[in-house]
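Here the structure is laid out as structure tokens; the discussion comes afterwards.
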Amino acid sequence: MLSHYSDYEDTLELLQKIQESRQGFSIEWDKEKNHLEVYEEDELIFTGKLPLIFPEVLPEETLSNYTQRIPELAPDFLIILIQAGNASLGHYEADVLLNHKVVRKYMVRAKQGKAQTGHLKTKGKSRAGSRVRLAQTEEFFDEIVEKLLDWETDDVEYIFYSSAIHWWNALFEAEDLPPFEKQDSRLRKIPVDVQNPNFEELKRIHHILHLAHWQYEETWENDLFPI
């Protein structure tokens with residue numbers, strides 16, 4: 001099979017073309033993976049992994065109904081990337097980067113290269129370096145939450161995030177709570193490896209969220225896929 005990537009707009013257009021020419025097509029969804037398979041007379045013609053920014057497919061939903069639910073522009077959303085001492089935040093409206101912030105703090109032990117909030121709050125608290133790291137850790141998450149609250153993001157449709165579980169839990173231990181619950185239905189974990197959170201990485205993840213990946217037989221290249 002050949003391979004092709006499409007952005008948000010091209011993917012929506014392609015789904016509309018599939019819908020219009022689906023006579024003889026049978027379609028199967030993998031709802032958990034947001035994955036589409038298209039068959040013709042029991043022969044697999046092509047597959048598509050849809051953009052992460054697309055809405056989830058509802059149970060028993062037809063391709064026609066699903067395509068009609070996809071907005072022409074990506075919905076408003078947040079990207080939150082957190083690693084030890086580094087975070088990159090982005091707030092998008094109508095797919096335009098409205099606000100962004102990179103947060104950096106000293107949270108890593110020089111020799112071990114580790115950052116452990118539990119250790120810092122107990123045994124490590126007695127040493128001067130540990131007290132500095134503890135204070136920096138608290139400031140790190142306080143600053144993240146403060147920025148999210150300043151942006152007034154209550155109306156975002158999705159919150160895409162990448163974080164180790166202990167850092168994600170620490171976010172909800174900040175002085176103020178973030179503007180969403182830990183079990184918020186809008187949360188979407190980013191299923192790709194995230195590099196050092198900075199502005200360039202924020203832009204890379206934004207691009208990935210909008211990509212669809214198609215695999216198809218060569219005979220369909222002219223009909224549905226660009227050469």
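The values are calculated or read from the model by the stated rules, or taken from the named source; none is laboratory data. What you see is a predicted model; the values in this text were computed from it and never measured. Side chains included, ligands, DNA and RNA excluded: accessible areas come from the protein's heavy atoms. Shrake-Rupley method; radii C 1.70, N 1.55, O 1.52, S 1.80 Å.
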Quick one: the Cα spread of the range 168-227 along its three principal axes, in angstroms, biggest first?
58, 27, 16
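Please report, as a whole percent, how much of the solvent-accessible surface of the chain comes from carbon and sulfur atoms (probe radius 1.4 Å).
Working: 5790 of 12740 Å².
Of all accessible area on the chain, carbon and sulfur atoms account for 45 percent.
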Taking a 20 Å limit on the Cα-Cα distance, which of the listed pairs LYS147/LYS182; LYS17/LYS49; LYS147/LYS203; LYS31/LYS189; LYS31/LYS203; LYS31/LYS182 fall beyond it?
LYS31/LYS203; LYS31/LYS182
How much solvent-accessible surface does ARG69 expose, in Å² to the nearest 10, with a 1.4 Å probe and all protein chains in place?
90 Å²
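For the chain, compute Rh as the Kirkwood radius over C-alpha pairs and then the Stokes-Einstein diffusion coefficient at 20 °C and 1.002 mPa s; write the answer in µm²/s, rounded to an integer. Can you show the working numbers first?
On the way: Rh = 19.8 Å.
Diffusion coefficient, whole number: 108 µm²/s.
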